[in-house]
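Remarks on the structure that follows.
The values are calculated or read from the model by the stated rules, or taken from the named source; none is laboratory data. These numbers were taken from a predicted model, which means no experiment stands behind them. Note that each Cβ is placed from the backbone with ideal geometry, even for glycine, and that neighbours are counted across all protein chains shown. Only protein heavy atoms, including side chains, enter the accessible area calculation; ligands, DNA and RNA are left aside. Shrake-Rupley method; radii C 1.70, N 1.55, O 1.52, S 1.80 Å.
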Amino acid sequence: MKQLLSLILTLVAAVTAGATPDWQPAVETMIDNGEFARATTTMKRLPRATRRADAVVIDSLETIMSRIRADFTMTPEQGIALIRERMPEVTDAQIERWKATRKIEVMNIDGTEWWFRKSVRNLWLLADEFDNDHSVEREKSVAHNLAIYRESMRHAPDFNGVRDRRTFTVRFTLDVDADAVPAGETVKVWMPLPYENMRQSNVTYLDGNREVRFSKGSRHHTVYMEATAVKGKPTHFEYRFRYTVGERHVTQQDLLMLVEPYDTTTSFYREYTAQQLPHIIVDNDMRNLAREIVGDELNPVRQAKMVYEWISRSFPWAGAREYSTIRCMPRYVLLNRHGDCGQVTLLYISLCRSLGIPARWESGWVVEPGDEGWHDWAETYFEGIGWVPTDQSYGRSTIDNPLNDYYAAGIDLYRMASNEGIGDRLDPPKTFIRSETVDFQPGEVEWRGGNLYYDKWDSSLKVEKVE
């Protein structure tokens, strides 16, 4: 249970920018222990002046509890029934073993056991008993990625090593449910936009249905819009943009030939090898693990590849809990022995930084037409080469096949990067706790009465044209 409370200190600090109230640590401990009812009662009994002064802190803590409850909605009886539909011969001992090894994720809230809502679907992906069921799907994924790679290799690279540049025209829409915000109130919306980097260029806002403001100074690049809620009608936001993006990779042979020693005295080096709590960890435990993985190897190129391969082989993909309910992503992956794209990326970054290898976060969308979706990856810095992309999650499907080295220092062209860091403030600033406190892909919505969670709105990104 102690891994379940996520970001509370960080989140509250971000939204209050003030000192921790003296009552807060006790409430956080209650939430850590699954004593949600007691935590709620304690906050309700705070003096009126305290509740007024600490209103955003209280809102954030109550929101964290509601999100944990929303993620753990399956009763053990329901979960076991679903498992037996597929595996009638399952025994109680097997189920207890899956729970003990966290193949089934369980929480105890106010004395009642609850299963993570995706736990049964994740079981099919995580338990050894079902491993052979995924072989056909893995082969299709490898063939698909290999075809994309071979198409890009038909094109000569430019001076940055970028190939097969294409221009994408994209439409993003967001619809807030009717009456989710009282009529006459202002709905505030933040939505993603790509930014210029080595692989992405010519980012152009084309048109939209509202006046827009573009973010400045945030690692989350956004389009901001406002609208007045109308009774009985959904509030619709949309805009279109265009950008050019290409494939880029550097072979292991080239990295080994070109890499130089790091200048460890620079502020750049210190920034990208530093700890960034709560999700980028550089401490003795992480350093010891990193050293165990790489052994006596000292070359940073080989070290990074060894970390990449160790994660790829050790931690299968599984559907993720809401990021805002996880205290520390790398430790969550190590404890639960699985993770989604963002979770294993943060473990990769933490291990690289623990070895003195600069690494950073990048994320946004996969933009294959008709199969658009959220995705997270990393960039790794090698002196003499610069930043190279590292898609740790894709590494799991390409390990031990012709693309074995590709995503360790490369990425295909079907990407839209809109974030160059995690957990940053939005611009303009958001008042209440974000729906997604780590990453930024579907958007964020609030009004003066509070944050609107995902159940009150929907968003979509669609590629309209690729040239």
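Scanning segment 191-238 for residues that are more than 22 Å from residue 448 (Cβ to Cβ) and of a type in the set (Phe, Trp, Tyr) turns up 195, 205, 214.
Among residues of segment 253-305 being surrounded by 14 or more Cβ atoms within 10 Å (Cβ to Cβ), of a type in the set (Ser, Thr, Tyr) and touching a Ser or Thr at 6+ places or on another chain (Cβ under 9 Å), the one that is farthest from residue 345 (Cα to Cα) is 262. Looking across segment 204-244 at every residue that is part of a strand (DSSP E or B) and basic (Lys, Arg), the one that is least open to solvent (accessible area, probe 1.4 Å) is identified as 240.
Of the residues making up segment 96-110, at least one is part of a helix (DSSP H, G or I), hydrophobic (A, V, I, L, M, F, W, C) and open to solvent by less than 30 Å² (accessible area, probe 1.4 Å). Against the condition buried (at least 23 other Cβ atoms within 10 Å of the Cβ) and closer than 30 Å to residue 454 by Cβ, how does residue 308 come out, does it pass? So residue 308 fails the test. So, residue 285, is that one of a type in the set (D, E, K, R) and in a helix (DSSP H, G or I) or not? Spelling it out, residue 285 is indeed of a type in the set (D, E, K, R) and in a helix (DSSP H, G or I). Here segment 167-194 is the region considered, the condition is being hydrophobic (A, V, I, L, M, F, W, C) and farther than 24 Å from residue 218 by Cα, and the residue that is nearest to the chain's Cα centre (by Cα) is 176.
Set side by side, the residues 124, 115 differ, and just one is in contact (Cβ under 8 Å) with a residue 24 or more places away in the chain, open to solvent by 30 Å² or more (accessible area, probe 1.4 Å), under 30 Å from residue 32 (Cα atoms) and within 25 Å of the chain's Cα centre (by Cα), which is 124. In summary, residue 323 fulfils each of the numbered conditions (1) more than 30 Å from residue 65 (Cβ to Cβ); (2) open to solvent by less than 20 Å² (accessible area, probe 1.4 Å); (3) modelled with pLDDT under 95; (4) not basic (Lys, Arg) with the single exception of condition (1). Taken over segment 398-420, residues that are farther than 20 Å from residue 151 by Cβ and surrounded by fewer than 17 Cβ atoms within 10 Å (Cβ to Cβ) amount to 1.
Filtering segment 132-140 for residues that are in contact with a Phe, Trp or Tyr (Cβ under 9 Å, 6 or more places away or on another chain), open to solvent by less than 70 Å² (accessible area, probe 1.4 Å) and under 20 Å from residue 404 (Cα atoms) leaves a non-empty set. Looking across segment 36-50, the residues that are open to solvent by 50 Å² or more (accessible area, probe 1.4 Å) and either under 32 Å from the mean Cα position of the chain (by Cα) or within 27 Å of residue 115 (Cβ to Cβ) (or both) come down to 37, 38, 41. Flag set for residue 196, criterion: in contact with a Phe, Trp or Tyr (Cβ under 9 Å, 6 or more places away or on another chain), open to solvent by 40 Å² or more (accessible area, probe 1.4 Å), part of a loop (DSSP other than H, G, I, E, B) and farther than 19 Å from residue 430 by Cβ.
Candidates in segment 343-360 are the residues that are open to solvent by 10 Å² or more (accessible area, probe 1.4 Å) and within 21 Å of residue 278 (Cβ to Cβ); of these, the one that is farthest from the chain's Cα centre (by Cα) is 355.
All conditions but one from (1) under 19 Å from the mean Cα position of the chain (by Cα); (2) small (Gly, Ala, Ser); (3) surrounded by fewer than 23 Cβ atoms within 10 Å (Cβ to Cβ); (4) at pLDDT below 95 apply to residue 395; the one that does not is (3). Of the candidates 245, 230, the single residue that is more than 22 Å from residue 436 (Cβ to Cβ) and under 22 Å from the mean Cα position of the chain (by Cα) is 245.
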